Amino acid sequence: MYPHHREREQPIFSARAHVFQIDPNTKRNWIPASKHAVTVSFFYDANRNVYRIISVGGTKAIINCTVTPSMTFTKTSQKFGQWADSRANTVYGLGFATEQQLHQFSDKFKEVKDAARLAREKSQDKELANTALTIAAPQFSQSPPVMCVNGPEDKLFRSQSADITLSSEKERIKKMLSEGSICEMNLEAELFTLQDSNSKLVAALHEANANVEQWKKQLAAYQEETERLRDQVAELEAHGGHGPSDLLKDELTQSLEELEALLKAKDEEIHILQSKKSEYHEMEHERDEAIHRLRETEMRNSELERRIQNSEQNLNNTLEDRDRMDSEIQRAIEILDIKIFDLNDLRQSLVKLIDK
């Protein structure tokens with residue numbers, strides 16, 4: 001930043017964050033603009049009455065955005081937020097270390113946006129006042145009749161009002177398109193998160209199914225061993241004192257109890273895996289709903305684009321009408337100048353006749 005810029009612009013708020021930009025090709029993935037967290041600051045230019053967001057990484061500016069009233073900062077997660085810059089044709093994303101830092105930046109963004117809106121309204125009011133003074137000022141060396149410029153003055157005021165109306169309509173359409181794009185990106189991010197969770201659940205289920213098959217084989221082996229031990233215990237009890245000692249019976253009984261406890265634990269694990277399978281079906285349902293919402297948003301965006309095209313066509317037609325009106329006003333002013341000049345000559349001739 002040059003020295004005169006530092007004298008003209010003053011920082012009003014700063015925060016540390018990781019900076020991202022949307023991929024210009026896919027409009028879906030985030031590209032890191034900095035390797036580490038950098039300082040993101042709001043600057044105010046008192047001479048031009050302009051607010052900017054600036055962040056410098058190394059020797060280059062990674063964010064140089066002028067804040068406009070149509071911008072909206074959206075919190076997409078607990079520590080991440082984003083906004084669209086139509087002039088740079090990109091979307092910026094900021095990742096903060098804490099949720100509190102995100103709230104502070106969001107509040108300052110809203111405050112600066114409101115201040116930019118007030119500055120624009122004051123600037124428009126000042127331009128209207130200067131235009132009115134310019135139109136009302138005398139344009140001739142000799143005193144022209146005031147009533148001769150009232151008609152063009154009214155038309156010029158109507159032209160200025162038409163400009164303001166067209167500007168506000170264009171800003172409103174841009175805001176609608178920006179909000180639709182942000183909503184679409186949020187849905188896409190949610191869809192990607194669900195797809196990632198879905199892939200993880202599918203991998204876990206495949207692994208669990210493999211483990212279940214192995215556990216079933218182990219369970220069958222344990223059951224066979226249990227039956228065999230039970231048969232041995234029954235045979236020992238039937239033979240009475242002719243078989244092994246009581247110590248061997250106790251060992252067999254303990255082994256049987258351990259196998260039964262192991263079977264119970266495996267049954268619980270199988271039950272947990274079955275519950276995870278139901279969660280997987282719920283995730284699939286949420287993914288289908290997200291895809292449906294994304295399609296609806298795309299349809300809304302296409303409708304907004306169609307409306308914007310119609311509005312631009314109407315805007316072009318209005319501008320053409322205004323140009324024709326300006327040319328007619330200019331011709332009327334030229335005719336009035338000629339008439340005034342003729343009347344002035346006639347007045348001078350009458351004065352000469354009276355003097356004679």
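In segment 1-121, what percent of the accessible surface is made up of carbon and sulfur (1.4 Å probe, ligands and nucleic acids excluded)? The value for segment 1-121 is 49 percent carbon and sulfur by accessible area.
In this model, which of Lys217/Lys277; Lys216/Lys277; Lys126/Lys339; Lys200/Lys276 are farther than 23 Å apart at the alpha-carbon? Exceeds cut-off: Lys126/Lys339. Here is the list for segment 1-92: trypsin sites (Lys or Arg not before Pro) lying in DSSP coil, each with at most 14 other C-beta atoms within 10 angstrom of its C-beta, are Lys27, Arg28, Lys35, Arg48, Arg87.
Give me the number: length gained by fully extending His285 to Ile308, i.e. 0.36 nm times residue separation minus the C-alpha to C-alpha distance, one decimal in nm.
Details: separation 23, 0.36 × 23 = 8.28 nm, distance 3.46 nm.
Using 0.36 nm per residue and subtracting the Cα-Cα distance, I get 4.8 nm.
Taking a point 7 Å from the Cα of Arg87 along the Cα-to-Cβ direction, the residues of segment 44-69 with backbone N closer than 20 Å to it are 44-57, 60-69. Distances between placed amide hydrogens fall under 5 Å for Val50 paired with Asp45, all partners being 5 or more residues away or on another chain. Taking other residues whose beta carbon is less than 12 angstrom from the beta carbon of Ile340, and scoring Lys, Arg as +1 and Asp, Glu as -1, yields -2.
Modelled this way, with points 7 Å down the Cα-to-C-beta line, the labels at Asp107 and Asn211 are 4.6 nm from one another.
The values are calculated or read from the model by the stated rules, or taken from the named source; none is laboratory data. Please read these numbers as outputs of a predicted model, since none were measured by experiment. Don't worry about glycine lacking a Cβ; one is built from the backbone with ideal geometry, like all the others, and counts go over all protein chains shown. Quick note on the areas: whole protein, heavy atoms, side chains included, nothing else; ligands and nucleic acids left out. Shrake-Rupley method; radii C 1.70, N 1.55, O 1.52, S 1.80 Å.
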